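The next block holds one structure in the form of C-alpha cells; read it before the comments.
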Amino acid sequence: DHDDGHKLTVVNVNIDSGADDAAIKNAIQQLKATQYTYFFGVLTATIFQKVMFEAYQQKIAGTGLHTWLFSDSIGDSLTRYSFPRGTWWEKVLRGSGKLSATGGMPAIDGIMD
C-alpha cells in the first residue's frame, strides 16, 4: 500500500428536480463552501440551466478555475444551444462534459471472464 497524502473526498449536495431558486442558491453555496474545483452533477435537463446560472453567479462556474462534469441525465443540454463567445452560458459550458455509463461492452466482458 502506498499513501502519498492524496485522498478523494466526496460531498453530496442534493438539489431536487423541482427546487426553487432559494433551494438552488443554498445548494450552490454549499458547493462553493467546499472550495473544490471539480464537480460532478446528476441533474435533470429541466433544472440544469438554473443550477449552472447560479453556479456562475457565485463564481464556481465560468471562471476557468472549475470543472463541471454531468451524468447523462442532462440529455442534450450541453450541445442543444449555440451561444456567442463571451456570454455567461458559453463560459459555463467551456470545459464541461457529460459522462455516460454503458454496460455490456464486449471487450471488457471478455477480460472479466
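No value in this document is a laboratory result; all are computed from the given coordinates. Since we're looking at a predicted model, the values are computed, not measured. Cβ sites come from the backbone with ideal geometry, for glycine too, and all protein chains shown count toward neighbours.
Round to the nearest 10 and give me the degree value, 0 to 90, for the angle of helix 21-34's Cα axis relative to the longest principal axis of the chain.
60 degrees
With percent of Cα pairs over 19 Å apart defined as stated, name the option among (1) 53; (2) 39; (3) 69 computed from the structure displayed.
Answer by label: (1).
Where in the range 1-96 are there trypsin sites (Lys or Arg not before Pro) that are in a DSSP coil and have at most 16 other Cβ atoms within 10 angstrom of their Cβ?
Lys7, Lys59, Arg80, Arg85, Arg94
Relative contact order of the chain: what whole-number percent is it, with Cα pairs under 8 angstrom and at least 6 residues apart?
Normalised by residue count, the contact order of the chain is 23 percent.
Quote the FRET efficiency, to the nearest 0.05, computed for Lys32 versus Thr79 with a Förster distance R0 of 30 Å and r equal to the Cβ-Cβ distance.
Values: r = 27 Å, r/R0 = 0.89.
According to the calculation, E is roughly 0.65.
Compute the angle between helix 45-57 and the longest alpha-carbon principal axis of the chain, please, reported from 0 to 90 degrees and rounded to the nearest 10.
Between the helix axis and the principal axis of the chain, the angle is about 60 degrees.
Taking a cut-off of 18 Å, what percent of all Cα-Cα pairs in the range 1-66 are separated by more than that?
Roughly 38 percent, rounded to a whole number.
Go through Lys25/Lys59; Lys50/Lys91; Lys7/Lys98; Lys25/Lys50; Lys59/Lys91 and tell me which ones have a Cα-Cα distance over 19 Å in this structure. List each step's numbers first, then the result.
Values: Lys25/Lys59 12 Å; Lys50/Lys91 15 Å; Lys7/Lys98 24 Å; Lys25/Lys50 10 Å; Lys59/Lys91 11 Å.
The answer is Lys7/Lys98.
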